[in-house]
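Undergrad: Quick one: the structure is below, questions incoming.
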Amino acid sequence: MRESYLDTDARERTDNYAMVCEKWRKIFLAMDMEDLVRRFHLETDEDALYITFFCERYRLDRRTGMVTSTDDPEERLRFNTLMCIYHLFHYSRPGAEINGTFVPFRQVKNASPFDPAFQRTVLKPLAETFSGHPDLLEQACRELDGQPVRQGDVGSVINAFDCIPLTVLFWDGDDEFDAQANILFDADITDFIHEETVVCLASELAARLIRRSGLTLKGILVGQDY
């Protein structure tokens with residue numbers, strides 16, 4: 001049977017993602033791992049470094065540079081998960097600190113050109129999936145150790161990493177207005193990661209909230225193909 005264009009596109013995306021992951025695996029191996037341990041207060045042993053990402057613990061092998069889940073070492077990790085971890089270590093500036101002020105994506109340094117895509121591929125799927133289900137979103141936020149805030153019908157501050165908090169906000173729809181969602185970022189988040197990685201972080205948060213809710217994703221989240 002002839003391979004369809006859709007099958008070809010999916011295979012090419014997977015191949016491209018695999019190439020990028022391999023590139024970053026090698027970049028990680030060239031890093032000063034003891035410096036990473038000090039700067040990010042990582043757990044470590046002679047074989048690996050450990051980091052928590054959205055309440056899940058990951059292992060980075062010192063010899064191979066491979067990232068695995070400590071709960072399920074055989075799990076195939078999503079592209080976004082791998083990029084967020086590798087990019088944090090690579091792009092974080094020495095001495096970087098949280099600002100404490102949350103801003104929308106368009107106000108993140110150098111991110112405004114990506115805002116239309118961010119709205120379409122992160123916020124819209126998040127809002128449409130949880131439309132009519134604010135209780136399930138609230139529960140999912142609690143499962144990610146979110147701290148409630150008094151904004152929207154549901155609002156919660158959730159740590160991606162210990163040094164990178166995100167605020168998710170949701171307003172449920174009614175007869176006049178569709179459901180709306182937003183994700184806010186620390187004003188100095190680009191001191192920790194590249195501006196394009198901010199999209200990966202937000203998409204990963206949305207994906208994990210949806211997965212924990214038991215709902216079916218409506219739309220396509222950027223970077224969730226791998």
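The values are calculated or read from the model by the stated rules, or taken from the named source; none is laboratory data. Because the structure is a prediction, the values reported are computed rather than measured. Note that we place each Cβ from the backbone using ideal geometry, even for glycine, and neighbour counts take in every protein chain shown.
Undergrad: I'd like to check something: does region 7-16 contain any residue that is part of a loop (DSSP other than H, G, I, E, B) and at pLDDT below 95?
TA: no
Undergrad: Okay, moving on. Output the residues belonging to region 68-80 that are without any contact (Cβ under 8 Å) to a residue 40 or more places away in the chain and surrounded by 16 or more Cβ atoms within 10 Å (Cβ to Cβ).
TA: Passing the criteria: T68, S69, L77.
Undergrad: Is it fair to say D162 is surrounded by fewer than 20 Cβ atoms within 10 Å (Cβ to Cβ) and within 18 Å of the chain's Cα centre (by Cα)?
TA: yes
Undergrad: Looking only at region 17-47, count how many residues are among the aromatic types (F, W, Y) and modelled with pLDDT under 95.
TA: Result for region 17-47: 1.
Undergrad: Those residues that are basic (K, R), touching a helix residue (DSSP H, G or I) at 6+ places or on another chain (Cβ under 7 Å) and not in a loop (DSSP other than H, G, I, E, B), I need them from region 187-226; list them, please.
TA: Listed by number, the list holds a single entry, R212.
Undergrad: Can you tell me how many residues within region 76-98 are farther than 22 Å from I27 by Cβ and modelled with pLDDT of 95 or more?
TA: Residues that pass the stated criteria total 0.
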